[in-house]
Amino acid sequence: MRLPVPRLLLLACALLSVLLLPASAMAKSTKRTYPVIKKVTPLKIAVGDKLTIKGTGFKAGKGVNSVVFKRDGKPAVFVKSGLSTKKKLYVIVPDKLTAFLGSDSEGAAVPTRFRLRVLASRFSKNFTSSKLSPIVRAKPGSGTTPAGTYQQCQDKAKANPDSDIDADGLTNGTELSYGIDPCTADSDGDGMTDGYEFYSAKDLNGSALPYPGRRPWPNPLDSSDRNYDFDGDGLLLYQEYQLWKFASGAFPLSVYSDGTQNTGGIVPAATPAQQALDLDGNGKLTDDERDADGDGLSNVVEYNFRGRIEWWKGAYPLEPLYTAALFYEPEATVADTDGDGVLDGADDQDHDGYDNFTEMERSRLQVGLRVQPYNPCLPNPHSATCSRYHPFVGSWPPWDDTHSQSIGDEIPFIWPRPSSPSTLSPWDGYGGS
């Protein structure tokens, strides 16, 4: 069959337009985007509840996307989503996830963080960060506990008010009277046992009572309280909980309660080692100044103070960070973080010949040097690990622009140490002390 000439011309033009289509345009038309997860709610959820995920690159429809739940070190669990749009999907946290929850020493399921990926036309490039990874707890009434099923545990708790089935430091009767779960050691799923939060609250306010809402004290029924510092000693609630577990883990709270700065009573800075930890020089050690792991660095230094890279960024915002190498940070409950046989206080994070105690525990005014534990060029630019090369613009100390402009173009490689800590070297003069 012959086509009329006009129709042949139209067909030829259409074919020609396809052949002449730019390669980039053709690629764009067939390109499949990666799903991206931007928001997850709620971030604390129970098995059987509905999880909402917002982002981009999803497929519209029901059951056309899969959500992957992954606990670190465990196999991934694939779950079909419910009704979805290109920017929002829903998924029910499945019962099969219960088998992948963590457990305490008694075998009871504990709230566990799961990282997420979405499988649409393609897989998400990465699993979610901690900030976008929900913490999942067992479904009430269906999980197993040290006393059998959840309902059996509840019945046993009511029948034995003086015992402590979940071993969280509170008797069954106490938990039942305040609405705390006697079968779950961490009722609000914030990573701290009920007893620790309860007794920390009592140390702060003897009349404090748990309540399922925000209260100005540690609360076993408030999952948002872990990042507060209720007793004002510079340590957050969850940090003091970690120190308590490391140092004792026993009741009553004789160490590291977030309800008092002097847990267990005042500790005099009597020995030279204790005096070295006395940050404010008042002759006694509060919880923040004490050294739980015995490595020669105060707890607050390792958690939130000069032992943290972020502290140096905040205290000296005009000093660019050293970028020629990466450095790890010491941990407050690990005495030898890098495992080299040297305690963290005597160790040297940046290998510049100045130990961590000098560069972390002491201030610049105290040592009379421009120290920085994550810059091997401070205080000595001749150290064995100081980079021989540095950027012209935005370089780290001692070649940073601010100091260069303030003292001239030439940077001295050697400068005299001040005769006393009260005398600043030319390298000091701004930022914290």
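How many Å² of accessible area per residue for segment 345-398, probe 1.4 Å?
Working: 2100 Å² over 54 residues.
Value for segment 345-398: 39 Å² per residue.
Could you please state, rounded to a whole Å, how far the C-alpha centre of segment 94-133 is from the C-alpha centre of segment 208-285?
About 31 Å separates the Cα centre of segment 94-133 from the one of segment 208-285.
In Å², what does the accessible area per residue of segment 38-105 work out to with a 1.4 Å probe? Let's see the in-between values first.
Values: 3530 Å² over 68 residues.
Ligands and nucleic acids excluded, the result is 52 Å² per residue.
Tell me, what HN-Hα J-couplings in whole Hz come from the Karplus equation 6.51 cos²θ - 1.76 cosθ + 1.60 at θ = phi - 60° for each residue of segment 268-275, using x for Gly and Pro?
x, 7, 8, 8, x, 5, 5, 5
So how much accessible area does Thr337 have, in Å² to the nearest 10, using a 1.4 Å probe?
The value for Thr337 is about 40 Å².
Students often get this wrong, so check it: of Lys70/Lys125; Lys70/Lys139; Lys44/Lys202, which have C-alpha atoms separated by over 24 Å?
On the way: Lys70/Lys125 14 Å; Lys70/Lys139 18 Å; Lys44/Lys202 26 Å.
Among Lys70/Lys125; Lys70/Lys139; Lys44/Lys202, the Cα-Cα distance tops 24 Å for Lys44/Lys202.
The values are calculated or read from the model by the stated rules, or taken from the named source; none is laboratory data. Note that this is a predicted model, so its numbers are computed, not measured. Quick note on the areas: whole protein, heavy atoms, side chains included, nothing else; ligands and nucleic acids left out. Shrake-Rupley method; radii C 1.70, N 1.55, O 1.52, S 1.80 Å.
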